[in-house]
Amino acid sequence: MLDYYNNIVILTGAGLSAESGLSTFRDKDGVWTRHDLAEVATPEGFARNPDMVQDFYNARRKQVVEAKPNAAHKALARLEKKHPGEVLTVTQNVDVLHEAAGTAKLIHMHGQLDQALCTHCDARHGWSDDITTATPCPGCGECAGMRPDVVWFGEMPYQMDDIYEALSRCDLFISIGTSGSVYPAAGFVMEAKRARARTVELNLEPSEGASLFTESIRGPATEVVPQYVERLLSA
Ligand code: BV8
């Protein structure tokens, strides 16, 4: 049973969901190699061409709704269940595979694709269908205001105060399946080091911040994450 780490913070990225069939962003056939990030993942891009941006997210929402959690998502849910101290999972992913695997204490810092946001009344609605510029808000009825509830570049990620508070108290920070190229998430390892936490990276290849970690474990998430969780729980 794990007993020498009290508070664990886990940061996950697209590499965690790769083996569930969801594309990563910066690998050789990643999302940003096929789409211009500035055109489809910024408020300016949405203002310029809302139909194109809605189509981009409608296609990804269909994949997300079909995807299933993999052994890595399930191992992280098991860690949260079995660990006597606190476990907070912060995901950059907009899929909902952590929830599907059973993780409860979860922050979607970049939002989630199974929700829509009305830019007129700020209401959020569970959403599994397409959104178009003619989709009315179920709340205020306004059209042309509905967007995917995801955080675009230049927008403030969600629950940053809660994340920084958890990092300031953590004694183990685990980063999984992220290239460490997007801020502020890529800076979390530094916050954890400031809190004198042990920092561990589980990734297919070294991230941009790999040298900042106490320990690096290389390999596909469905292999290295269950192994690492069992190592923690049997310590
Ligand atoms: C912010 C949601 C202020 C949408 C995403 C100049 C001007 C303006 C801003 C900036 C600037 N310079 C820097 C910034 C900040 C900017 C930024 O970081 N830009 C980058 C490009 C330099 N960030 C922002 O704008 C953020 N907001 O800064 O507001 C602020 C500042 C401080 C505090 C508060 C507020 C908002 C960023 C959020 C953007 N939205 N996603 C959507 O999904 O469409 S981010 C986007 O990249 C992705 O969605 C993903 O969430 C994120 C990170 O990508 P990764 O998850 O790491 O995926 P990637 O493909 O890169 O890497 C996958 C990794 O997995 C690889 O390492 C690979 O080896 C590994 N892997 C692959 N397969 C496996 C595997 N590992 C294990 N097993 C496998 N099988």
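The values are calculated or read from the model by the stated rules, or taken from the named source; none is laboratory data. Being a predicted model, the structure only gives us computed values, none of them experimental. So basically every Cβ, Gly included, is an ideal-geometry build from the backbone, and we count neighbours across all protein chains shown. Ligands, DNA and RNA are excluded from the accessible area calculation, which covers all protein heavy atoms including side chains. Shrake-Rupley method; radii C 1.70, N 1.55, O 1.52, S 1.80 Å.
If I measure Cβ to Cβ between cysteines in the chain, which ones have no partner under 4.7 Å?
So, Cys143, Cys170.
Report the paramagnetic label zone for Leu204: residues of the range 58-79 whose backbone N is under 17 Å from a point 7 Å from Cα along the Cα-to-Cβ axis.
So the set is 68, 70-73.
Taking amide H positions as placed in the peptide plane 1.01 Å from N, state which residues far from Trp127 in sequence (5 or more) or on other chains have amide H under 5 Å from it.
Gln115, Ala116
Quick one: work out Rg over Rh on the C-alpha atoms of the range 51-159, Rh as Kirkwood radius. Provide the component values of the computation, followed by the final result.
On the way: Rg = 15.4 Å, Rh = 15.0 Å.
Using Cα coordinates only, the ratio equals 1.03.
Taking the Cβ-Cβ separation of Ala123 and Arg169 as r and a Förster radius of 41 Å, what is the calculated FRET efficiency to the nearest 0.05? Walk me through the numbers on the way to the answer.
Details: r = 33 Å, r/R0 = 0.80.
Once the sixth-power term is evaluated, E becomes 0.80.
Counting pairs of alpha carbon atoms under 8 Å apart in space and at least six apart in sequence, what relative contact order in percent does the chain give? Could the numbers behind the result be given before it?
On the way: 469 pairs, mean separation 57.0, N = 235.
Computed over the chain, the figure is 24 percent.
For the range 105-146, what is the per residue volume of the convex hull drawn over the alpha-carbon atoms, in cubic angstrom? Walk me through the intermediate numbers first.
Working: hull volume 3.3 nm³, N = 42.
Measuring per residue, one finds 79 Å³ for the Cα hull of the range 105-146.
Could you check how much of the accessible area of the range 43-149 is carbon and sulfur, as a whole percent, using a 1.4 Å probe? Show your work: numbers first, answer last.
On the way: 2460 of 4750 Å².
Summing carbon and sulfur atoms, their accessible area is 52 percent of the total for the range 43-149.
Relative contact order of the range 7-82, please, whole-number percent, based on alpha carbon pairs below 8 angstrom and at least 6 residues apart. Intermediate values should be presented prior to the final figure.
Working: 45 pairs, mean separation 20.0, N = 76.
26 percent.
If the viscosity is 1.002 mPa s and the temperature 20 °C, what translational diffusion coefficient in µm²/s does Stokes-Einstein give for the range 134-192 when Rh comes from Kirkwood over Cα pairs? Spell out each step's value before the answer.
On the way: Rh = 14.3 Å.
Once the numbers are plugged in, D ends up at 150 µm²/s.
I need the fraction of alpha carbon pairs in the range 162-219 separated by more than 16 Å, rounded to a whole percent.
36
If one takes the longest principal axis of the Cα atoms in the chain, at what angle in degrees, from 0 to 90 and to the nearest 10, does the Cα axis of helix 160-169 lie?
That helix lies at roughly 0 degrees to the long axis.
Regarding the range 74-116, what's the average projected area of the Cα-atom convex hull, expressed in nm²?
On the way: hull surface 11.4 nm².
Projected area, direction-averaged: 2.8 nm².
Under a Cβ-only charge scheme (Lys and Arg +1, Asp and Glu -1), can you give me the dipole magnitude of the chain about the Cα centre, in debye to the nearest 20? Write down the numbers at each step before the final one.
Details: 22 positive and 32 negative charges, 129 e Å.
Around 620 debye, computed over the chain.
R0 = 30 Å: FRET efficiency of Met160 with Ala59, Cβ-based, nearest 0.05? It would help to have the intermediate numbers written out before the result.
Numbers: r = 29 Å, r/R0 = 0.96.
Computed FRET efficiency for Met160 and Ala59: 0.55.
When the Kirkwood radius is taken over all Cα pairs of the chain, what Stokes-Einstein diffusion coefficient follows at 20 °C and 1.002 mPa s, in µm²/s? It would help to have the intermediate numbers written out before the result.
Details: Rh = 18.3 Å.
So the translational diffusion coefficient is about 117 µm²/s.
For q values of 0.09, 0.13, 0.17, 0.19 Å⁻¹, compute log₁₀ I(q)/I(0) with the Debye formula on a Cα-only model of the range 105-220, without solvent.
Evaluating at q = 0.09, 0.13, 0.17, 0.19 Å⁻¹ gives log10 I(q)/I(0) of -0.35, -0.63, -0.86, -0.96.
Over the chain, give the accessible area per residue in Å² for a 1.4 Å probe, as an integer. Can you show the working numbers first?
Numbers: 10820 Å² over 235 residues.
Per residue, the chain has 46 Å² of solvent-accessible surface.
Per residue of the chain, what 222 nm ellipticity follows from adding -39500 (n - 2.57) for every DSSP H run with n ≥ 4, rounded to the nearest 500? Intermediate values should be presented prior to the final figure.
Values: 10 runs with 82 residues, N = 235.
It lands at -9500 deg cm²/dmol.
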